[in-house]
Structure formats: C-alpha cells, structure tokens
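Below is one structure, written out as structure tokens, with a few remarks after it.
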Amino acid sequence: MEVLISIAGKAAEYTVDPIAHQLNYLFKHSSNFQNLKDQIEKLEDARGRVQHSVEEERRNAKEIEADVLKWLASVDNKLTENAPEKLEKAKNKCFLGLCPNLKSRYRLSKRAVEEARAITHLLEEGKFHKVSYSPAMEGVVTKGYNAFQSRTKALEGVMEALGESSVRIIGIHGMAGVGKTTLAKEVAARVKEEHLFDEVAMAVVSHNPDTRKIQGEIADMLGLHYDKETISGRQMQLRERLLKTEKKILIVLDDLWQKLDLEEIGISFQDAAAQISSTAGCKLLLTSRSSQVLDLVDAERSFGVEILSQEESMILFEKIVGDLVGKSDDYECIANELVAKCAGLPVAILAIANALKRRDLSSWKDALRRLRKAGPNMKEMQQSVNSTIELSYNLLESEEAKSILLLCSLHPQGLDIHVSDLLQCGVALDILEDIDTLEDATISMNELVRKLKASSLLLEGKGCKWVKMHDLIRDVSISIASKNKGMWVIKDGNHLKELLKKGNLKGCTAISLPHSSIPDLSDVDCSNLELLMLLNKDPSFQVSDTFFKDMNKLKVLSVTGMSFPSLPLSFLSLTNLQALRLCECKLSEIGIIGNLKTLDVLSFKGSSIEQLPVEIAELTRLKLFDLSECWGIEVIPANVIAKLCRLEELLVGDSFDRWDVEGNAQLAELRNLSSLSALDVYIPNAQIMPQDLFLRRLERYKIAIGPHPGGYNQLQCARPLNAYNLFTTSKASKALKLEIDIGNGLHKGIEMLVKKAEELLIERFKGAKDILSGLDKEGFPHLRYLTVQKSSEIKWIVSSMGMGLALRKAFPVLETMHLHELSNVENICHGELKTESFSQLTTIEIEICGTLKNLFSFSIAKNLNQLQQISVWRCENITEIVAGENDDDNEILEFRGLCSLSLDYLPKLKSFFSQENTGSSSSGRGESASHYMNRGSNGVTLFNSKVYCPALRELNLKGINLIEKIWHDDQIPMISLGVQSLTSLTLFRCDKLKYVLTSSMVNNFVQLKTLVVSHCDEMQGIIEEVILTEEGISSNIMVFPKLDTLTLLVLPNLKRFCCGINPIIFPSLRELRIRICSSLNAFHFDGTSVGDNISLDHNLHVPFFNEKVILPALEELEIQGIDNLERLWPNQLSQHSFSKLTSIVLHGCRKLLHVFPSSMLTRLQGLNTLRIWSCESLEEIIFESHSQEEDSSSSAMQSHSPQPIQSDVITFAFPNLTFLFLFDLPNLKGICHKMRTTIWPSLKEMTVSGCHKVEILFASQETRGKTSQQPLFWVNQFTFPNLNELTLGWNAGMKEIWHCYGHGQQLLSRFFCNLKVVTLYDYPEQVTVLPSYLFPLLSLPSLQKHEMKWCSFKEIIFQSEGGVGKLIEEVQSSKKDEGDSSTSNTQLPGPSSEGQGFITNSETDN
C-alpha cells in the first residue's frame, strides 16, 4: 500500500507541476512581462559593458575574439526582437478590454518567459574573461630584392630545403654587403605568400647577442606576450609556443657572428617533442658571414650568396642613376669601372650609384680617380668595396651629413636609432650649421637624415622617426671615424687594452662603449674627449666614482640602461657638458646635476625617477628637457620649470599629470618660457589652464586636454597615461586631444592650438552640435587626421548652415577621418560646401553611429578623388553610403582610388549609392543590359550601374541583411570596370544573398585571390547561371585565374558552387575549405554527372567533384559537415586536377562511403596529411574503379614500391604521407576491401580509434580467401619503415594488432624499428585488463614513451618468452563524462631475465 501511495504521489507531482506552469502563463502575465523587461535592461547594460571593452581594445590595435563578436550580434538580434515598442504592443494585447483574449495572453506570456530565459542564457555567455587578443605584428617587409641569376640558386635552394620535412635548420652565408639579409627577407615574404608557413618571425642577432631582445622581437611577430620577466621564464614560454602550436612557423635569425645558444632563447630541436614539432613545421633560417658559424649551430643545409656578376651589377647601377649611363660612351666607360670596384656587392653599388645619380660627368671622373688611388691595406676585393663606400661618404654634400653618419656608427650594431637622439647629440656637438633655434635644428636634421637614406647610407628603421645602419656601412664608417676623427667604438676590455698598447686612443674625441662593461677609463687620455656613449644591459654594472674625471672638454654624455643610486662625484668635472642623456636608467639622488651650468640638453627619457631635484632650476641655459616615458614621476617641484627661461623644447606629456597639485609645478609656469617652440604635455582639466596659455606660437606640439578615462592617478602603475597613444604614435608635428565642454566659450589658447593642428582627437565633446562651428569656423585648413568619439551632442561634423560662402570650405587637406560612437550624429556634412572640402580624404572609418543614415551626399562624394578606404561598422540606421540627389541619369559616382571597402553589421543598408530618379537605362559604358534576361532583376542591390570603383581590391560585407545582390544585373556589360582589381571578397551573415555573382561575371575577376562566404542563411550557390538571349554568348568557360583560397562556411541552403554545361577552372587555387553546408550536393552540377565514366557499382552516387571542376594547383582540401556527400571523385578526372594535394581533411560526412578511387592514386604522390573522422558510413579509404587511368595507376604504384612484388599483386603506395588520422569511423573495414598491399614509406604519425568494424586495416600482400587471423596491421619491413608515433584508441572489433607476414612475430621489432611513442586512449570502463594483443608493444627496441589516457585498466597481464607474467597495477582512471584526462607514462625495458615482462607506472597526470 505504501508503495502505491508513493507511486501515486510521484505521479501527481509530475502531473500537477506542468499544469501549474501553464496556469502561471495566464495569471502571472504581468510579472512575466516585467521580468522580461528587467532582463532586457540587464542585457542592454551587459552589451554596453562588453561594447566599451571592445571599443577600447580596438583603439589599442587589438583583434576582437570571434565569440565576442557573435555574442554581440546575438544580443543585437535579441534586443531587436524585444524592442520596447514591440513589448508595449504585446502587453497591451494582454490587457485590452474587460474580457481579454486568454489565448493571446497565454501565448504572449509564455513567449515572455521563454525570451527571458533566453536572455538569461545570453547574460551567462556574456561573462567574458577577455574580449580581445593581440595580433602578431606584420610580417617581415622586404623591398629592394632583385631577382638576379646569381641569387636564384640560393633562393631556390632555401625554398626547397624549407619544404623538406626532415630539414630543420637552414643557413645563408656570404660576405658583408652581399645581400644575405635581403635574401632572407625575400624568403620570408615568399613562404608567407605561398602559404608554406603560417607565421614568420625575424630577429637580428649581431656580434653581441642580446637574448632578451631576440626573444622580444620573435614574440612581437608571433603575437606572444610574455608574463615572465627572466630570460629563462621567457625561454620556457617561447618554447611552449613553438612546440604546442599547430601552425607552421619560420624563425629567421639574422647576422650570426658566433655560435648561438638556441636553447637559451627558447628554440629547441633536441628532445622528441621538439623533433616532432620541427617535422610539423617549426623551422629556423639563419644568416651569417661565415659558413663555419652555421656549422656550429648545426645547420643541416647552407647556401652561399654569390656576388653579382658585372652584368647584374651594371643593371643595378643603372636602375639607380637612370639613363645617365646611356648618355654617352664616357659615362658608360666610367660606370663599368666604378661598378667593377664595387666587387659585386649590392650595398656598395647602391651607395656609389646614389652618390652619383645627379652628378655631372666631371664628378663621375673625379669619383673614379679617387677609387683608383685607394691604398692596398686590405685584401683587394674588400678594400675595393670599402673604398666605394668611403667614396660615397666623401661625396656627401655637407660635413653635417658626414658627421651624422659617423655619429650613427657609434651606436650598437643593428640598433634602431631615434632621430631625436641624433638631434640632441648633434646640437651639443655643434654639428649643425647656420641654426639659431632647436626648431631650425629639427628641420635641418630631418633633411640630413632624408638625404642619408636617399644615399643608401642609412636604412629605414622600425618607424618613420627611426633609422639604422647596414653592418658594412657601419664598419666602414667606424674605420673613417677612428682614422680621421679620433672616434672609437671599444668592444670590451681586451679591445681597450689593444688600442692602448698601440697608442690609438691618444687625443680621442669620441668613445662608444656598447655593452662593454668597462668600469673605468683611467688609462685613457680623455683630455680631448667630446662625446662619450655608455650602453649597458647588465643592471648590476656600476662605473667607478672617478670614471668621468679629466673629461673637461666633454660635450655629450649619453648613458643607457644603468642604475645610479647617486651620480658619481666625478660629474663635477664635466664643466663643459652641453648634453646629458640618462635614458632607461634607475635614478635616485641626482641633485648634483644642478652644477652642470653649461647644459643645453637634458634627457631622462624612459628612466625610473620619482621626483625631479629642485637643483634643475639652476640649469638656466637649458634648451631641451625630455621627460618622456618617465612613467613613475610624481613630483616636479614648483617654479623649477619656470626658471628654465631659455627652454625651447619640453617633452613631458606621457609622464606627468599632477599639474597644480600642492607642491607641484603649475601650468602657469609655461608662460615664462618665452622661447618655447615644442611641447608635449598632458593637462587633466581644462579649467586649470591660464587664459593666456598657448597664445604664443608653437611649431610642434602633442597636447592632451581632458580627464583620463581611468582617472588621474595612473602613474603609480608604472605605465604611460593613455591619451590614446597620442604621444608615442602620432605622425603629425602638431597633435591635439580634447575632452572639453565649450558651452561657456572656447579657451583662447585651445582655439589657437586647434587652428594649427594637423591631428585632432575629440572625445566627449560638449557645447556644440558640430565640430566646425564649435572649434574652427575657418574650416581646419591644416588638419590631416581627425578622430571624433563618444560625443553624444554632436549632430554633424561640419555644418555650413547660416555661414557665409567664404566659410563653406572645410577640411581641405584632411586625409583620415575616424568617427566612433556618436549616438546622435545625423550627417557628416550639413549644408553645401565648396568642392575643396574633404578633397584629400583617403580613409574614412565610421563605428557605432546609430542615427547616421549615410556618409556623404553625391555632391560631396563625387569630389573624393583621393579616397582609398571606407570602413563602416555597427551603424544600425545607415541605408546607403552615398545619398542619391543627382538629377543627371548619365552621371556616375566614381571612386577611382577606392581600394578597400568594409561594411559590417549595417542591418538597414539597401544600396551603396541610390538614386530615386534613376531609370533602367544603361550607363553608357558598353552595350545595353537589355540583351540579358536575369532572374530576380528587381532585388535589393548593393552596387547599381551608377557606381564605378575600378581600383577596389578588398570588399568585406558582414551582417548586411537586406542586400539580395552585390552587383546589379544591368552592370553585366560594364562589370569588368568595377571588379577587375578585386583581390579579396569576404561575405559574412548576408542573410538575403542567394548568389555571389553570375556566370557572365566570373571571367572579370582576374585578380581575385581570396573568397570567403560564411553564415549566409539563404545562399543557394556561389555562381548563378544566367540565361542569355540568342545575341549573347552561351559557352563561356569560367576561370578564376588567381584565386588562391576559397572558404565556404555554415551555409545551410547552399546546394552547389556553380552549375551549367561549361567547365570551371581554378588554375591557382591552393586551399579549399567547405564546412557545415548541410544541403550541398555537388561542387559543380550540370545534370549529367551520372554518366558512362562511373562504374555500375556506384552509378547512383553522384561525385562531389565532377570532371568539369579543374583544380591543378590544389594543395589543401578540407570538407566538414556535408551531410549529402556520398562520393568525392569520379573515376575519370580532368587531366592534372588534384595532382598537387598535400593535405586532405574529411569530417562529419555522414553518407560518405569511400575516399579515393584507385584510379586517382597516381595523383596523390605529394599527399602529406590525411585526416578522416566522424564519417559514420565510410567503409573503405580506396575503392576499386575502372577507368583509363587504372593501368597507369597500378604501374605507378608498383614503381613506388621498395619491395619485390608478385606480378598478380597490386600495391598501393602513399610515398610522402607523414600523418594519418582515422577516428570515429564505425563502419570502416579497411584501407581497401580487396586487401591490396599498401606501403607507407614516409609515415611518421598514425592514429586509429573508433573503427569498430575494422578487419585488416593495413596489408602487405593481397589476401585471398578467408584467414583465421585478422590483425589491424598485416605488415612487412616495407610497410611502415619510418613510423615514429602510434596512437591506438578503442576499436571494438580488434582482436590482434600485428601480423608480420612471412617472418613470424619475432621480427616485429625489425618492422617497427623507429617507433618511439605509443599512446593508448579511450578504452571503455568494462575493459579493465590490458588486452593481450597489445603486449608486443612492450618489446619494441626504440620505444621511448608510452602513454595511457582515459583508460580504466586495473590489471596488466602479458605473455613473454618465458611464459605468462602478471602485474597488478592500479592506473588511475578518469571518466570521460567528467571531462578529465588521466595519463600514465610508462617506462618499457622489455622482458626481464626471468621471462616476465613488466610495466612501471612512473607518472600520472590528473
């Protein structure tokens, strides 16, 4: 009875509970709606928080995680579905009248509960730990490479070696200046372009390797962020990144001088894991002057770079000097001899050519005369080269340029040198002539650097304000400096002793000690020393207290990377010092600086210092004071700056914001600096600015005014104030950031700064509806870069309404405009403007401007002749990019320079440019479109026939939900004018698009390299077949001549790529990826796919690729989630198609029965990787076919077989396959049903798991009849000669693993002699005893590692030669449904002396 009551009670519980839920929908409808409203508010707040984080990370050049973007899109959709007006309308339906509709109430209340539940789920998903990641830096940039014959052999050799899986370290060697670095950069560029490697990183080593710097350069290019400070910590992180990534990585280490400890950096090829990684694709390319150095670092292949031939040298020389050589025989004769003196070294040829390119014949003759007189102090060729570089130095037009070049040579080899460093030293050394101010000096220095770069004596550095020197140029410059100027670079203590012994340092004028750790110069005659550079990388290194004594004439002291608890007393000897640079130093007690009364330049750039000493006020001659990047400074004492009355340049912007705080300096002190011409400063509050501040003219400035987003007190975090990188990244000479309210008027000083600004960043702007009337009614005549963000009061960027005609010209030189999160902006331009307005605009980026409906009117847009890039993101009310207003049907909107267009998440966009009065008439650029009959010609189209963008290279459309066509049908006659330059086309979530283009358009996409179509719900085909009239052409072969990558992702209604009777050709396509296209039936469909070429056994299965799909260059094929795929290839393929395949990935193809027809195997000689998993119907990898290729296939297979084969045995070979992965294939019976002999000579890694019906997977002979044995591997010594790693999962039908054909079980070790790693995983819980057929694994001679994962073995029993042994071993198990992984690593010594084998559990990871 109690049991019945219990059952009845439980039944009542399950019955009543659902009824209660249903009643709640009726009677709690009000609370349900209120709960939904509350959840929507929470979701809006959550979106706002995530969106703010996204915006912040975008400004910091971070990439946003894909799941974050998807979440934001889902939230937008959910909020649109539950907009307030919709909720109110639904709510009113529930309460309408005295007798509400109960059915409607029930339905809407239930919907409210379901929506609230869905929003709760979204809120949980939106709790992101981080929203972004740092992209890797742009890859190695190469320029100046010339494809000479002398380079071809080395280049081809390196490229070939990089393609060999067994080669890990490759070297390039050759003499200085021959072009090793240029060649290495060309290799780096090519491997990226040809997709041989996914990532490339390059670092300069030089003769004095800095491990930390090398690690940093590699990490920057790989997007790796170290969270360890020590070299060893960073080493481990870099090593982990290189070993565990699936990407192929090439690391280029340039300019090795000696053996380099790769392990210390984090690059390892020694242990098994590293060797496997190197095989997978992590490789090293080194350059060195010496092939012996390459041998020391175990370079497996090395290639010498030959000097240029005389003919090649002349070609390079003429390329620089132009047609002067052909001007007369005299020029040509001299040129030949000059070039011969360069000894085939490009660096020398470039130097001499640039020196002579604008000179007359007499200058050429004089240059040749000087070279002929070069003395034979060195080897003849090296002397000749050095002489040409020295001649280029001598031909420099001014002594200033020569001095700057020699000054650069004193810096460490390979170092990027900031131009401001040269300026500070140059001013103090009186190098620059005819200058009165620092502004004059800056202009002069920039021009000198430009000329030196034009002469090829200096190279571009890491940015526009940086330079560097080629090693050979530096060597020659050092030689000139020491020989003629008494300027010395001392490498170390031994070098110092050598120079002292020879008496070379007597009367020296300049000494550079780059990382030489010399604590004392007491033995050096420093009486004439004017320049001393100390560069340190050892934080513990200290100079002696007497280090600077007797340096009475020293003018410049530049110290980098040292620690000074207090400055040495010998500083008092520096009575003539004019420039003191203590950069990246740790400084404490430095008041002694106040005694250096002659200082003109003082820099603490990048140093750690908390408080400036008041003694600095004594430096009344100071002209330049640099405090940039001193991120820990808290105190600048009051009145110190005010007393520096001669100051012309003050750089303090990114270091200090405590102006007018008690005890600190006041902004009013800047008024005392009557000579100030350059200023970098951050002012947290405009209210503390004196009214007359900045009324004086500043030639250069970077000024940020307004509160910092994170608050004022950011300095204790030892990081720079975030004024949006204004101080570190701005290219403009006059840059200004404003966050102000001008409701009560604009500060006169700010007005002056705005008028002259070249870059302007405006944030949270208040007090005006547009920028023009609010800040500069003259129209910003100098502004080149404009950013406006987070300013809700802004309605227009420029409004000319109410202004006079003379004031309607706005932004005449503006190049870049970025508008971000302007929630109420209606138009960029309001009213008419002169044609000069925006005429120089090259880039426009618009983000999150919710009320904006278009970017420009036609009258403005037609004058944007310089426009190159348009990017619009998340502007939900934009309906068109250019507003139609033109009455002339024949006028076309032309963006001749537009090369990049990105339109992202614009749900209401209907057209790029719409004209309401535009008829269907032709544009006049070709024959009429009336010849064409197209389906759906009235669909919503992005580009109509009035838009002309001939230079467009990149087109990205994402979240464009209303567009039904990209190009209008009546554009067909003129389509080549719009897409002939397109290289990249990306479509994402364009839900109304059914096709990308029509078949008549295909052959106009002559430059297209990348095509990505993703998440377009209604996409039916990529190419739509057009129906042509009799006047049209009906038999075009479709060709994409340069398409390299084709990706189709998550297209649920895609049925085909194209259709029709004509072939489609992809002569360059290397990568084809198709994922989750559940309706896809065939790549190309013409209704005749089932024909005579398909064997009778398979005639119902239409191949995915038919003979009309021509892919001669395809290397990587990936197909995932194609539910209807039964067969990939026909028996007879087009000639050469699929013959270059290196990687095939098949996943989730439920109906696929087999992979390759046997007739296709001859095309798979280059196949490297084969991955197949979760294909539940797959029965065999290779199936027997009958075609014209069959005989040639069989003979080709036998030719690749290393074993003697019986004449009646067919052998299938995969000669280059190194990786095989077979997983979750429950119906797989074998590689081939007929048990053909298969050999895998290059196979190194293999995984087999979840193949429960497998019989004999690998065979070494043709099996006739039945056999009592059905081992997984029926092998001989030729089957797997190089197998290195084997992973076996649970295969339910497996009874035996090994059968060593013809030789007995004892030869197993011989047949698997290279097997080093065996992994067993995913054996079910009911299998508690290690199966006996796994025992042979224990006796393999080369086995180094054995892992067990997700296994539940309690007992391990096996048979050895002496009998049966048993070892009880508790192996910690882990249930798969708990998500843990348990691994047991075991040492395998083989049989014991007593005949029993054993396993020792040495390590378990939980």
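The values are calculated or read from the model by the stated rules, or taken from the named source; none is laboratory data. Not measured: the values here are computed from a predicted model. Glycine gets a Cβ as well: all are built from the backbone with ideal geometry, and neighbour counts include every protein chain shown. These area figures cover heavy atoms from the full protein model, side chains too; ligands, DNA and RNA do not enter into them. Shrake-Rupley method; radii C 1.70, N 1.55, O 1.52, S 1.80 Å.
Does any residue of segment 832-842 turn out to be over 23 Å from Arg874 (Cβ atoms) and of a type in the set (Val, Ile, Thr)? Checked segment 832-842: at least one residue is over 23 Å from Arg874 (Cβ atoms) and of a type in the set (Val, Ile, Thr). When the criteria are applied in full, Lys497 meets the requirement of being out of contact with any Pro (no Cβ under 8 Å at 6 or more places or on another chain), free of Cβ contacts under 8 Å to residues at least 12 places away in the same chain and more than 27 Å from Leu391 (Cβ to Cβ).
Contact map, segment 34-59: residues that are closer than 23 Å to Glu763 by Cβ paired with residues that are open to solvent by 20 Å² or more (accessible area, probe 1.4 Å) and in a helix (DSSP H, G or I), Cβ distance under 7 Å, separation 6+ or inter-chain. Pairs shown: Glu44/Leu79. Scanning segment 472-486 for residues that are open to solvent by 30 Å² or more (accessible area, probe 1.4 Å) and not small (Gly, Ala, Ser) turns up Asp475, Ile478, Lys483, Asn484, Lys485.
Kindly indicate whether Lys247 is over 23 Å from the mean Cα position of the chain (by Cα) and open to solvent by 50 Å² or more (accessible area, probe 1.4 Å). No; evaluated as a whole, the condition is false for this residue. When Ser1134 is tested against (1) open to solvent by less than 20 Å² (accessible area, probe 1.4 Å); (2) modelled with pLDDT under 90; (3) not in a helix (DSSP H, G or I), exactly one condition is not met: (1).
Could you tell me whether segment 519-531 includes any residue that is out of contact with any helix residue (DSSP H, G or I) (no Cβ under 9 Å at 6 or more places or on another chain), surrounded by fewer than 21 Cβ atoms within 10 Å (Cβ to Cβ) and more than 24 Å from Ile593 (Cα to Cα)? For segment 519-531, residues out of contact with any helix residue (DSSP H, G or I) (no Cβ under 9 Å at 6 or more places or on another chain), surrounded by fewer than 21 Cβ atoms within 10 Å (Cβ to Cβ) and more than 24 Å from Ile593 (Cα to Cα): present. Screening Leu296 against (1) open to solvent by 30 Å² or more (accessible area, probe 1.4 Å); (2) at pLDDT 85 or above; (3) over 35 Å from the mean Cα position of the chain (by Cα) leaves a single unmet condition, (3).
Of note, Leu587 does not satisfy the criterion of being under 49 Å from the mean Cα position of the chain (by Cα) and under 23 Å from Ile478 (Cβ atoms). Among the numbered conditions (1) among the hydrophobic types (A, V, I, L, M, F, W, C); (2) surrounded by fewer than 22 Cβ atoms within 10 Å (Cβ to Cβ); (3) at pLDDT 85 or above, the only one that Ile1027 does not meet is (3). In segment 724-740 there is no residue that is assigned to a strand (DSSP E or B) and open to solvent by 40 Å² or more (accessible area, probe 1.4 Å). Would you check if Lys755 is more than 21 Å from Val652 (Cβ to Cβ), open to solvent by 40 Å² or more (accessible area, probe 1.4 Å) and basic (Lys, Arg)? Against the criterion (more than 21 Å from Val652 (Cβ to Cβ), open to solvent by 40 Å² or more (accessible area, probe 1.4 Å) and basic (Lys, Arg)), Lys755 qualifies.
Rundown of residues vs (1) modelled with pLDDT of 80 or more; (2) within 24 Å of Lys70 (Cα to Cα); (3) open to solvent by 30 Å² or more (accessible area, probe 1.4 Å); (4) of a type in the set (D, E, K, R), yes/no style:
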| position | (1), (2), (3), (4) |
| --- | --- |
| Leu102 | no, no, yes, no |
| Arg105 | no, no, yes, yes |
| Leu108 | no, no, no, no |
| His121 | yes, yes, yes, no |
| His129 | no, yes, yes, no |
| Thr142 | no, no, yes, no |
| Ile169 | yes, no, no, no |
| Ala176 | no, no, no, no |
| Leu183 | yes, no, no, no |
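In the set (1) within 33 Å of the chain's Cα centre (by Cα); (2) in a loop (DSSP other than H, G, I, E, B); (3) buried (at least 17 other Cβ atoms within 10 Å of the Cβ), Gly463 fails one condition alone, (3). The sole residue among Leu500, Leu496 that is open to solvent by 50 Å² or more (accessible area, probe 1.4 Å), at pLDDT 85 or above, among the aliphatic types (A, V, I, L, M) and under 30 Å from Thr575 (Cα atoms) is Leu500. Which of the residues that make up segment 394-446 are more than 28 Å from Leu627 (Cβ to Cβ) and among the aliphatic types (A, V, I, L, M)? Residues satisfying the conditions are Leu395, Leu396, Ala401, Leu405, Leu406. Of the residues making up segment 618-658, those that are open to solvent by 10 Å² or more (accessible area, probe 1.4 Å) and among the small types (Gly, Ala, Ser) are Ser628, Gly632, Ala638, Ala642. Determine whether Phe856 is surrounded by 18 or more Cβ atoms within 10 Å (Cβ to Cβ), within 20 Å of Leu783 (Cβ to Cβ) and aromatic (Phe, Trp, Tyr). So Phe856 passes the test. Of all residues in segment 228-244, those that are open to solvent by 40 Å² or more (accessible area, probe 1.4 Å) and of a type in the set (A, V, I, L, M, F, W, C) have Cβ atoms under 6 Å from Cβ atoms of residues that are modelled with pLDDT of 85 or more and in a helix (DSSP H, G or I), 6 or more apart or on another chain, in Ile231/Thr211; Ile231/Arg212.
Listed conditions (1) more than 28 Å from Ala335 (Cα to Cα); (2) modelled with pLDDT under 85; (3) among the small types (Gly, Ala, Ser) are all met by Ser387, apart from (1). Taken over segment 672-699, the criterion of being surrounded by fewer than 17 Cβ atoms within 10 Å (Cβ to Cβ) and in contact with a Lys or Arg (Cβ under 9 Å, 6 or more places away or on another chain) is satisfied by Asn672, Ser674, Ser675, Pro690, Gln691, Asp692, Leu695, Arg696, Arg697. Restricting segment 329-349 to residues that are among the β-branched types (Val, Ile, Thr) and without any contact (Cβ under 8 Å) to a residue 60 or more places away in the chain leaves a set whose member that is surrounded by the most Cβ atoms within 10 Å (Cβ to Cβ) is Ile349. Being open to solvent by less than 30 Å² (accessible area, probe 1.4 Å) and touching a residue at least 24 places away in the same chain (Cβ under 8 Å) is the requirement here; does Leu587 meet it? So Leu587 fails the test.
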